[in-house]
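Below: the structure, in structure tokens.
The values are calculated or read from the model by the stated rules, or taken from the named source; none is laboratory data. Since the structure is predicted, the reported quantities are computational estimates derived from the model, not experimental observations. So basically every Cβ, Gly included, is an ideal-geometry build from the backbone, and we count neighbours across all protein chains shown.
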Amino acid sequence: MSYSQQELEALLENDEFVSWVLSPRPEENAYWQGWMLQHPDRKAMVEMIRGIRDAETVNSHELADQIWQDLQSQIETPVRKIKWPRYAAAAVIILAGSLWFGLQRTEKKNLIVQKTAKHELTASNSSSTLQTIYLLDGTRITLSPKSTIHYSRLMAGDKREVFLQGDAFFEVAQDANRPFIVYSGGIITKVLGTSFRVKGNEQIVVAVKSGKVAVSRKESTEQYILLPNEQAVFNSKQNTLQKVNVTDVAILANPVPTPAVLNYDEVPVGDVLDELAKMYAIDIQYNHTLFAKCRVTVMLDQESFYDKLTVLCKVVGANYDITDETINITGQGCN
């Protein structure tokens, strides 16, 4: 036996190992192939894990039991059984395909995020409280209960578009070259950088807290320019759009406070990358072993995701590139 039961559990909970087992990557293949070929029982274990992909109908306990029994039958030296709760959880992680942001569907604090198409996400607030969504460009969206928003994960291209059903407060990151456009019901709201609320279904209200926005009806050239404390009211039944002053100032408030600055003091860079990945629902891949000794002391303010990533990479002497929907971190690591 070339590994202990604790090492087996650690491997099953290692995102880098799981990613290689299920979807081998050329840059990682040589390392793990060499590791696997050192002992025949490792190859048997890898083949067993790959077979999990065909066992999605089995619950986690039965799946873990099956893996354990099969491994025992193939490996000459039996070992003591692993505690089931941790191993079962590891089996679920493998079935899911590693971290939460790689899932087709996930639920975190009642914010359900689904991948609906390539580069496209839909977030639904199933709770009774406000939920926050962070976009890669630095925009923050506060989504009200029973509301849904559809958007591009990468926010690439010459415009930033989101599709809203319900109520949301937008704090849009400034980008003079790429307007931010919200489609809601029968109206279109276009901004460059501002804070405003879009609310309603049959009667949709767009109220501006700061900056300037342009509101128009679909398939219409007529538009209203809204300044702070002004709002546009769209009646979908009558297909009318009216500009008026804000009378209920509560509509301009965002009860969710601005997030605190992310401040790290001698923290492993991997922890920071993992936190950013969860915060922005993006897949970040890096060599855990290579960067294991890298620690950072850094303050990340309200910049965009890419600005934060650039700062981190400079601190540890790394680079990043984007392949499809994945951020790949490369570098020499730390001694």
* To do: For Val182, state whether it is surrounded by fewer than 20 Cβ atoms within 10 Å (Cβ to Cβ), over 22 Å from Ser128 (Cβ atoms) and at pLDDT 90 or above.
  => no
* Asked: Quick one: how many residues across the range 225-256 are free of Cβ contacts under 8 Å to residues at least 24 places away in the same chain, of a type in the set (A, V, I, L, M, F, W, C) and farther than 29 Å from Ser128 by Cα?
  -> 3
* Asked: Within the range 195-206, can one find any residue that is within 21 Å of Tyr134 (Cβ to Cβ), at pLDDT 90 or above and in the same structural domain as Ser126 (by TED's automatic domain parsing)?
  -> yes
* Asked: Which of the residues that make up the range 190-206 are touching a residue at least 40 places away in the same chain (Cβ under 8 Å) and within 28 Å of the chain's Cα centre (by Cα)?
  -> Ser195, Arg197, Lys199
* To do: Given the conditions (1) small (Gly, Ala, Ser); (2) surrounded by 15 or more Cβ atoms within 10 Å (Cβ to Cβ); (3) on the phi < 0 side of the Ramachandran plot, report the number of the one that Ala281 does not fulfil.
  => (3)
* To do: Select, from Val92, Val79, Val172, the only residue that is closer than 21 Å to Val208 by Cβ and either modelled with pLDDT of 80 or more or not assigned by TED's automatic domain parsing to the domain that holds Lys190 (or both).
  => Val172
* Asked: Looking at the range 249-335, what strands (runs of 3 or more DSSP E) fall wholly within it and have at least 2 residues that are within 16 Å of the chain's Cα centre (by Cα) and farther than 30 Å from Leu227 by Cβ?
  -> 283-285, 318-323, 326-331
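Could you pull out the residue among Asp301, Asp274 that is acidic (Asp, Glu), within 22 Å of Asp137 (Cα to Cα) and surrounded by fewer than 14 Cβ atoms within 10 Å (Cβ to Cβ)?
Criteria check complete, one pass: Asp301.
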* Asked: Which one is modelled with the lowest pLDDT among residues in the range 124-169 that are under 25 Å from Ile284 (Cα atoms) and among the basic types (Lys, Arg)?
  -> Arg153
